[in-house]
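To start, the structure itself, in structure tokens.
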Amino acid sequence: MREFWREPLSEEQKAQLIDALAQQVVKRGLSAPAILFLELHKPFAFIGSQAGIVFSPFLAPFFGFDRVDQYTQLLSERDNWERLVERIEELTEEQRASRAKEQNR
């Protein structure tokens, strides 16, 4: 059986995971619901990450063990939730600005 959180994530890995997740949220147009969810559930960050581990037998076939391991570790810290919210907001603002430029042409 594989072990979770064997090695801590580096700051670079955290930044990459946060950026990838934020891009997927914005790409699907789920910025507002995602931010609301993250803000409401921030106090339960660690519990949520532990739930991810509990449900890993069901998640791993779809996402892969390494991804489940990385994201549960990432989301176990409240600071990373805040960083994710900030990145979603940044990408949403960039998307709005690019759409505004296109409309002005």
**OP:** Hand me the list of helices (runs of 4 or more DSSP H) wholly inside region 44-105 holding 2 or more residues that are touching a residue at least 60 places away in the same chain (Cβ under 8 Å) and farther than 20 Å from residue 5 by Cα.
**Re:** 78-104
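When the residues of region 7-43 are narrowed to those that are part of a loop (DSSP other than H, G, I, E, B) and in contact (Cβ under 8 Å) with a residue 60 or more places away in the chain, which ends up farthest from the chain's Cα centre (by Cα)?
8
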Original post:
Restricting the search to region 82-101, which residues are within 21 Å of the chain's Cα centre (by Cα) and among the basic types (Lys, Arg)?
Top reply: 83, 87, 96
Original post:
Based on what the data block shows, is residue 6 basic (Lys, Arg), at pLDDT 90 or above and in contact with an Asp or Glu (Cβ under 9 Å, 6 or more places away or on another chain)?
Top reply: no
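Going by the conditions given, is residue 97 surrounded by fewer than 17 Cβ atoms within 10 Å (Cβ to Cβ), modelled with pLDDT of 90 or more and touching a helix residue (DSSP H, G or I) at 6+ places or on another chain (Cβ under 9 Å)? Give the derivation first.
Working: surrounded by fewer than 17 Cβ atoms within 10 Å (Cβ to Cβ): yes; modelled with pLDDT of 90 or more: yes; touching a helix residue (DSSP H, G or I) at 6+ places or on another chain (Cβ under 9 Å): no.
No, not satisfied.
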Subject >> Single residue of region 51-66 satisfying the filter (surrounded by 13 or more Cβ atoms within 10 Å (Cβ to Cβ) and not hydrophobic (A, V, I, L, M, F, W, C)) that is nearest to residue 77 (Cα to Cα) >> reply: 52
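The values are calculated or read from the model by the stated rules, or taken from the named source; none is laboratory data. The structure displayed is predicted, hence computed values, not measured ones. Every residue, glycine among them, receives a Cβ derived from its backbone with ideal geometry; neighbour counts consider all protein chains shown.
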